[in-house]
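J.: Input: one structure, supplied below.
The values are calculated or read from the model by the stated rules, or taken from the named source; none is laboratory data. On a predicted model such as this, the values are computed, not experimentally measured, just so you know. Counting neighbours? That spans all protein chains shown, and the Cβs are built from the backbone with ideal geometry, glycine included.
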Amino acid sequence: MKERLYRLLAVRVPGIRDRYAAWRLGARRSRWQSALYLLWLNLQYVLFFRRGWGRPEETALYEDVPLYAGGGESSLSLRDAPEAFAAKLAAFDAVSFDVFDTLVFRPFSHPTDLFYLVGRELGYPDFRRLRIQAEERAREKKWAESGTREVTLEEIWALLAAETGIPMETGLQAEWNLEMRCCFANPYMLPVVETLQRAGKPLLAVSDMYLGEERLRSLLENCGYPRFDHCFVSCDHGRSKSDGGLYPLVLQTLGPGRSLAHVGDNEHADLRQAERYGLHPFLYPNVHHTGGRYRAKELSAVTGSLYRGIANAHLHNGLSAFSREYEYGFVYGGLFVAGYCRFIHALVQARGIEKILFLSRDGALLIQAYRRMYPEEASYTAYAAWSRLAAAKLTAGYYKQDYFRRFLYHKADQGFSLRRILKSMELPGLLDPLCRTAGMNPDDELTHKNAGKVKSYLCGAWDAVLGCYAEQVAAGGAYYRTLLAGCRSAAAVDIGWAGSGALTLDCAVNRLWGLDCPIMGILAGTNSARSPEPDASAPFFLDGRLEAYLYSDRENRDLWKFHDPAQNHNLYWELLLGAPEGSLIGFYPGQDGKPRLRYKAPPPQADRIREIHRGALDFVDRFLETEKRLGLAIPVSGRDAYAPMLLAESRRNKKFMEGLEALMDEMHIG
């Protein structure tokens with residue numbers, strides 16, 4: 001019965017399960033406390049999440065978490081410069097530091113998530129839960145025997161080995177090796193400690209931990225810290241900061257009458273208890289407590305924890321306050337960019353693709369990230385000039401309906417005169433005969449009522465229309481003959497959505513220019529269920545001519561049903577990738593027979609777009625650093641990659657996106 005209730009109330013909703021597990025780990029809880037808290041979490045879910053005020057599809061995907069809309073989230077944690085903070089600490093006779101989440105970070109949003117990787121290395125299922133339970137049992141056993149809950153790693157593993165059958169030394173060493181590989185220095189605290197050491201200030205490390213002094217010293221040294229004068233660890237003394245018993249030992253070591261500053265992240269152990277025993281505490285807010293409230297939770301267990309850990313440590317270590325644009329790229333785009341590049345790489349390897357064409361403008365950020373992740377493949381990549389506008393003109397002879405839809409029906413009833421429409425189509429010489437034939441004036445507005453007349457005339461003069469684009473067709477062919485020289489296959493990478501970029505390029509390359517180089521299309525996402533043509537590209541997924549990362553009508557259908565262009569979702573994603581340059585108008589004859597490319601004017605706030613890209617690339621760098629430390633390629637599914645953006649797309653977070661709306665001009669994106 002107990003197990004059935006737990007599965008009913010906790011396991012069925014990942015968000016409830018994770019919050020309940022974190023709460024249980026925070027302190028000793030009675031059964032009644034645990035039951036009441038679990039019921040409260042379920043009540044919140046029913047009232048505010050599952051039955052929330054938004055659309056059912058939206059609230060079913062994820063809790064409606066309010067994001068910080070007062071500027072850059074990192075501004076909440078900005079501190080004095082490390083040198084200035086060190087100067088404050090130097091006013092005391094000595095300085096002590098907490099270790100984990102103060103001096104040292106793990107790349108996880110919760111410390112016990114390290115045990116996922118220990119279990120992976122040991123090949124033992126459900127290891128994280130078993131390791132947590134073993135530690136709790138070891139603490140209860142120690143309390144019963146010695147009146148203290150402070151245990152060593154050896155005592156934990158003695159129980160765990162008996163429970164699991166894993167040889168104690170094998171398991172203990174695997175866990176310790178991962179601690180050494182995972183942990184890294186807090187970029188804010190490292191210069192603080194180095195400054196204090198240069199000033200000759202006595203330094204102490206004080207930790208409530210099961211690793212012991214010898215291991216803790218090795219860990220700090222491995223993270224790049226200088227040697228501390230003293231190191232106090234709770235498991236060595238049977239006393240902790242939390243119960244206050246460790247602080248008298250620290251003060252006794254210093255000697256009477258000496259002032260001691262203490263820096264730590266725990267409000268009870270490092271602030272209140274330190275102050276109670278006469279230390280001068282400086283609270284360093286826990287980065288995960290500060291940033292965790294704004295992070296997406298509905299990701300797979302390990303990748304989600306690593307994503308949140310990277311984001312929280314970077315934004316909330318106190319070293320910098322970043323712009324809203326930078327954080328948009330880092331928090332909401334970084335995981336997607338890293339995962340999409342990995343998806344592209346896997347497809348290219350599986351298909352034996354010889355060249356990767358990152359289509360302008362959405363490919364500008366992706367090609368930079370891809371070359372960082374796979375530098376050995378840089379010569380196989382190219383930034384390829386292409387756009388819907390250029391494609392519509394070049395492939396008009398093959399995609400006549402799309403040509404008229406783009407130039408006529410998408411522009412009807414928007415205040416455009418016939419003169420302006422024909423100019424945008426680069427058919428000014430056909431304006432006068434069109435007006436005479438159709439009985440219209442050049443300054444008449446294009447409407448849905450008269451668009452048919454315009455189309456009818458142009459269809460009758462179709463050879464003349466195509467003749468106007470002949471030079472552009474030739475120039476485009478020259479450009480791609482150079483770009484694809486010697487290639488027998490290529491992939492065109494785009495954001496989406498109908499796959500027209502890749503499909504029209506394949507048409508031009510092979511049917512128009514006869515280059516004999518099939519082009520497959522790799523998309524972030526397809527047209528969604530809420531698009532006007534939700535199945536426009538569906539047939540091309542049958543034979544692999546198109547592949548999608550985030551979702552399609554056959555993969556991650558919850559996202560396919562949720563994603564809504566009418567709610568600006570397409571623009572939100574395009575904003576992450578769109579380059580700070582104008583889109584391609586077309587290919588034209590240039591000097592010495594070389595093609596000349598013409599572009600629209602760049603967007604008016606290009607610097608802000610560059611900040612988005614900088615944020616995304618910084619996430620990729622930290623993602624790669626984490627992989628290197630772990631010795632593991634971190635998988636990022638399309639569902640995981642979309643999860644952070646679900647928060648930004650929530651109706652509740654419209655205010656959060658307001659500061660970025662000026663950049664979401666459809667004239668400049670797409």
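J.: Consider segment 157-189. How many of its residues are closer than 21 Å to GLU625 by Cβ and either surrounded by 20 or more Cβ atoms within 10 Å (Cβ to Cβ) or in contact (Cβ under 8 Å) with a residue 60 or more places away in the chain (or both)?
T.: Result for segment 157-189: 11.
J.: Return the pairs, sorted by first residue and then second, in which the second residue is surrounded by fewer than 16 Cβ atoms within 10 Å (Cβ to Cβ), the first residue lies in segment 591-612 and is in contact (Cβ under 8 Å) with a residue 24 or more places away in the chain, the beta carbons are less than 6 Å apart, and the residues are 6+ apart or on different chains.
T.: Filtered contacts from segment 591-612: ARG596/TYR588; ARG596/GLY590.
J.: Within segment 254-309, track down each residue that is small (Gly, Ala, Ser) and either part of a helix (DSSP H, G or I) or out of contact with any helix residue (DSSP H, G or I) (no Cβ under 9 Å at 6 or more places or on another chain) (or both). Outline the logic, then answer.
T.: Residues of segment 254-309 small (Gly, Ala, Ser): 255, 257, 259, 261, 264, 269, 274, 278, 291-292, 296, 300-301, 304-305, 309.
Matches in segment 254-309: GLY255, GLY257, SER259, ALA269, ALA274, GLY291, GLY292, ALA301, GLY304, SER305, GLY309.
J.: Check every one of the helices (runs of 4 or more DSSP H) wholly within segment 400-487 and list those with 3 or more residues that are hydroxyl-bearing (Ser, Thr, Tyr) and modelled with pLDDT of 95 or more.
T.: Of the helices (runs of 4 or more DSSP H) lying wholly inside segment 400-487, those with at least 3 residues that are hydroxyl-bearing (Ser, Thr, Tyr) and modelled with pLDDT of 95 or more span 470-483.
J.: Let me ask you something else. Six or more apart or on different chains, Cβ atoms under 8 Å: show the pairs whose first residue is in segment 232-243 and touching a residue at least 24 places away in the same chain (Cβ under 8 Å) and more than 15 Å from THR152 (Cβ to Cβ) and whose second is among the β-branched types (Val, Ile, Thr) and buried (at least 19 other Cβ atoms within 10 Å of the Cβ).
T.: Close Cβ pairs (under 8 Å, with a partner that is among the β-branched types (Val, Ile, Thr) and buried (at least 19 other Cβ atoms within 10 Å of the Cβ)) amount to LYS241/VAL206.
J.: Of the conditions (1) within 18 Å of PHE184 (Cα to Cα); (2) out of contact with any strand residue (DSSP E or B) (no Cβ under 8 Å at 6 or more places or on another chain), GLY309 clears all except one; give me its number.
T.: Result: GLY309 fails condition (2) only.
J.: Within segment 200-223, does at least one residue satisfy the condition of being more than 25 Å from ASN317 (Cβ to Cβ) and in contact with a Gly (Cβ under 6 Å, 6 or more places away or on another chain)?
T.: no
J.: Which one of these does LYS393 not meet: (1) among the charged types (D, E, K, R); (2) modelled with pLDDT under 95; (3) assigned to a helix (DSSP H, G or I)?
T.: Going through the list (1) among the charged types (D, E, K, R); (2) modelled with pLDDT under 95; (3) assigned to a helix (DSSP H, G or I), LYS393 breaks only (2).
J.: If you don't mind, another one. Residues in segment 207-253 that are of a type in the set (Gly, Ala, Ser), part of a helix (DSSP H, G or I) and touching a strand residue (DSSP E or B) at 6+ places or on another chain (Cβ under 8 Å): how many? Walk me through how you get there before you give the answer.
T.: Residues of segment 207-253 of a type in the set (Gly, Ala, Ser): 207, 212, 218, 224, 234, 238, 240, 242, 244-245.
Next, only the ones that are part of a helix (DSSP H, G or I) stay: 218, 234.
From what's left, touching a strand residue (DSSP E or B) at 6+ places or on another chain (Cβ under 8 Å): 234.
Summing the residues that are of a type in the set (Gly, Ala, Ser), part of a helix (DSSP H, G or I) and touching a strand residue (DSSP E or B) at 6+ places or on another chain (Cβ under 8 Å) in segment 207-253 gives 1.
J.: Looking at LEU204, is it under 17 Å from PHE85 (Cα atoms) and in a helix (DSSP H, G or I)?
T.: In short, no.
J.: I'd like to check something: does segment 239-256 contain any residue that is touching an Asp or Glu at 6+ places or on another chain (Cβ under 6 Å) and closer than 13 Å to VAL95 by Cβ?
T.: Just the residues of segment 239-256 that are touching an Asp or Glu at 6+ places or on another chain (Cβ under 6 Å), to begin with: 240-242.
Now restrict to residues that are closer than 13 Å to VAL95 by Cβ: none.
Looking for residues that are touching an Asp or Glu at 6+ places or on another chain (Cβ under 6 Å) and closer than 13 Å to VAL95 by Cβ, one finds none in segment 239-256, hence no.
Results for (1) crowded, with 23+ Cβ neighbours inside 10 Å; (2) over 23 Å from GLY329 (Cβ atoms), shown as yes or no for each residue.
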residue: PHE358; (1), (2): yes, no
residue: ARG372; (1), (2): no, no
residue: PRO375; (1), (2): no, no
residue: SER379; (1), (2): no, yes
residue: ARG406; (1), (2): no, yes
residue: TYR409; (1), (2): no, yes
